[in-house]
Amino acid sequence: VGEQVLLKCSFKSSSPITESLLVDWTYRPLAGGPMETIFHYQSVPHPTTAGKFKDRISWVGNVANGDASIVIQSPVLSDNGTFICSVKNPPDV
């Protein structure tokens, strides 16, 4: 609590990295409930514009280096949950 949190995500692809590469970060609260997309990347970062992570997520990844990491600012205990990083680099998934 109080310090930013780095959520690391690394990937490897057998296909060249292009503008088609997609990164999606989803979140499910510890108490359960629906998955929620909190971050999307395609050529440029698209942080969520709604929900509990609005204005708190920053892109720190570098897809050319196989890095799709994000940072969450001002974490609170209620942010606890499952975070999933999904990378698709067509035709590779």
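In table form, for the structure just shown:
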{"quantity": "Among 50, 68, 31: highest mean-square fluctuation, GNM of the chain, C-alpha pairs under 10 Å", "calculated": "31"}
{"quantity": "Heavy-atom accessible area order for 78, 86, largest first, 1.4 Å probe", "calculated": "78, 86"}
{"quantity": "Dimensions in Å of the chain - Rg and Dmax from alpha carbons", "calculated": "13.4, 40"}
{"quantity": "Where 24, 55 fall by accessible area, highest first, once all protein chains stay in place (1.4 Å)", "calculated": "55, 24"}
{"quantity": "Under Karplus coefficients 6.51, -1.76 and 1.60, residue-wise ³J(HN,Hα) of segment 30-45 in Hz, glycine/proline x", "calculated": "4, 6, x, x, x, 5, 10, 6, 10, 7, 9, 10, 8, 6, 9, x"}
{"quantity": "Cα-based reach from residue 54 at 22 Å (exclusive), listing lysines while leaving out same-chain residues under 8 positions away", "calculated": "8"}
{"quantity": "Centre separation in Å (Cα based) which lies between segment 5-26 and segment 27-79", "calculated": "13"}
{"quantity": "Accessible area (Å², per residue) of the chain, counting only protein heavy atoms and a probe of 1.4 Å", "calculated": "60"}
{"quantity": "Three-way shape label, segment 12-54, alpha-carbon gyration tensor, a/c 1.5", "calculated": "oblate"}
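The values are calculated or read from the model by the stated rules, or taken from the named source; none is laboratory data. Owing to the predicted nature of the structure, the values given are computational and were not obtained by experimental measurement. Just the protein is used for accessible areas: all its heavy atoms, side chains included, with ligands, DNA and RNA removed. Shrake-Rupley method; radii C 1.70, N 1.55, O 1.52, S 1.80 Å.
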